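First up is the structure itself, then whatever we jot down about it.
Just so it is clear, none of the values below were taken in a lab; they were calculated from the coordinates. Since this is a predicted model, take the numbers as computed values, not measurements. Virtual Cβ from ideal backbone geometry, glycine too; neighbours counted across all protein chains shown.
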Amino acid sequence: MRELTKTALITGINGQDGAYLARLLLSKGYRVVGGMRRSSTPNVQRLEELGIANDVTFVDLDLFELTNLIRCVETQKPDEIYNLAAQSFVALSFEQPLYTAEIDALGTLRFLEAIRHINPKIRFYQASTSEMFGKVQAIPQDETTPFYPRSPYGVAKLFGHWSTVNYRESYGLHASSGILFNHESPLRGREFVTRKITLGMATIRHGQAEVLELGNLDAKRDWGFAGDYVEGMWRMVQQERPGDYVLATGETHTVRNFAEKVAQWFGFDLAWSGQAEREIGTDRKSGKVIIRINPNFYRPAEVDLLLGSPRLAEEKLGWKRKVGFEALTEMMCAADDRRVLDGRVQF
Ligand code: NAP
Ligand code: GDD
């Protein structure tokens with residue numbers, strides 16, 4: 001491991017991972033520079049929730065604009081760059097494929113170019129994704145599994161991934177790509193299915209909603225805890241040699257199973273009935289329907305099963321996830337229960 005007290009530039013600082021990574025790096029003595037795109041309303045609630053909003057130096061940063069990236073790198077002089085910014089919502093990428101490609105694919109390339117020209121010694125981390133495996137070619141998936149993306153998001157991220165590999169091989173950059181499987185937390189955006197379910201059940205439990213609408217209940221994901229995964233990102237960047245690593249739990253669960261666990265936590269007795277779009281989830285205790293299917297949440301192409309093997313990361317990085325599926329579910333339920341009760345659902 002390298003000596004600390006460095007400057008790290010984190011793009012996407014206000015997202016889920018940005019917040020946890022900032023907290024980790026601050027705890028290690030880093031100066032943390034957080035890149036945020038301009039917004040008409042302040043957007044640092046996740047950093048506030050972790051109590052670190054005043055410890056980060058903010059800079060205007062949009063991956064759309066190469067000159068902006070160049071100035072950020074020149075003025076902030078980072079030792080390490082963690083490129084977490086992205087249009088990260090798969091469903092939206094079908095609606096906004098060009099924008100998604102601009103940010104997730106070309107945005108990564110812009111950064112690599114900026115580093116190459118300004119200071120090739122800067123270490124770079126690219127937030128790649130298990131979505132690149134898409135229609136999976138092997139089970140479980142690891143660093144050797146061929147890619148087959150199934151969404152504009154997956155395709156764009158694959159470009160970012162191969163660009164990272166290519167700049168490492170062509171120009172000797174210390175550029176690593178973390179192929180991360182789904183990771184969740186109380187800081188997860190509410191459009192993603194886990195948080196949608198925990199927040200949705202909390203609002204039903206406290207009488208603020210009647211029913212939660214979901215799409216494909218049978219999709220399987222390898223869900224870990226975001227706080228564990230940012231540790232893996234940092235470890236990749238500290239290696240003497242850059243590389244590509246899968247971070248995953250090695251367990252997979254269906255959306256249905258996640259919903260059942262959450263319903264149970266909130267005291268519902270969930271029973272499924274009906275088929276396909278007519279399937280419903282009823283609370284046996286009250287007799288009320290609390291889950292319905294809305295086909296609007298189906299995707300034009302689906303990733304049916306993700307299951308990762310973290311073996312390489314465990315062996316080479318000494319990384320191991322600490323939080324399991326049950327604990328993750330409970331943590332998210334408790335956070336949303338408290339937020340809804342307090343009337344403070346900020347993100
Ligand atoms: P997130 O919560 O959606 O955060 C994404 C961040 O990117 C937000 O802060 C967003 O800014 C910022 N952003 C979006 N477009 C931008 C642009 N044009 N210029 C600058 N910033 C921009 O995502 P996350 O869950 O933390 O994920 C972090 C990264 O890991 C993403 O690249 C994601 O694709 C990737 N990833 C995530 C997972 C996962 O399960 N979470 C798994 C694999 C890979 P605003 O705050 O202004 O919206
Ligand atoms: N969002 C959402 N909303 N998903 C639903 C719903 C719903 O109402 N109902 C079922 N799903 C299914 C989706 O069809 C998908 O198969 C699964 O739940 C997970 O969806 P998301 O939580 O939106 O995550 P994702 O797997 O598509 O993408 C996340 O993980 C990727 C890593 O594999 C994001 O964080 C990506 O940025 C990340 O790269």
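Residue count for the range 113-150 satisfying the condition of being within 15 Å of ligand 1 (Cβ to nearest atom) and closer than 30 Å to Ile70 by Cα: 10. Among the residues making up the range 171-207, those that are over 13 Å from Phe225 (Cβ atoms) and either among the small types (Gly, Ala, Ser) or assigned to a strand (DSSP E or B) (or both) are Gly172, Ala175, Ser176, Ser177, Gly178, Ile179, Gly189, Gly200, Ala202, Gly207. Applying the condition of being more than 22 Å from Ser128 (Cβ to Cβ) and either assigned to a helix (DSSP H, G or I) or small (Gly, Ala, Ser) (or both) to the range 24-40 and asking which residue is farthest from ligand 1 (Cβ to nearest atom) yields Gly29.
Taking the range 28-84 as the range and being free of Cβ contacts under 8 Å to residues at least 60 places away in the same chain and of a type in the set (Lys, Arg) as the test, the residues that pass are Arg31, Arg37, Arg38, Arg71. Inspection of the range 321-335 finds a residue satisfying the criterion of being touching a residue at least 12 places away in the same chain (Cβ under 8 Å), away from ligand 1 (no atom under 16 Å from the Cβ), surrounded by 20 or more Cβ atoms within 10 Å (Cβ to Cβ) and assigned to a helix (DSSP H, G or I).
Scanning the range 47-89 for residues that are buried (at least 22 other Cβ atoms within 10 Å of the Cβ), under 20 Å from the mean Cα position of the chain (by Cα) and more than 8 Å from ligand 1 (Cβ to nearest atom) turns up Leu47, Ile81, Tyr82. Of all residues in the range 104-151, those that are charged (D, E, K, R), over 19 Å from the mean Cα position of the chain (by Cα) and more than 19 Å from Met236 (Cβ to Cβ) total 4.
Contact map, the range 9-27: first residue more than 16 Å from Met236 (Cα to Cα), second residue basic (Lys, Arg) and away from ligand 2 (no atom under 15 Å from the Cβ), Cβ cut-off under 7 Å, separation 6 or more or different chains; the map is empty.
Within the range 91-121, if we keep just the residues that are more than 13 Å from Thr164 (Cβ to Cβ) and β-branched (Val, Ile, Thr), the residue that is surrounded by the fewest Cβ atoms within 10 Å (Cβ to Cβ) turns out to be Ile118.
Taking the range 1-50 as the range and being under 16 Å from Gly107 (Cβ atoms) and out of contact with any Leu (no Cβ under 9 Å at 6 or more places or on another chain) as the test, only Arg38 passes.
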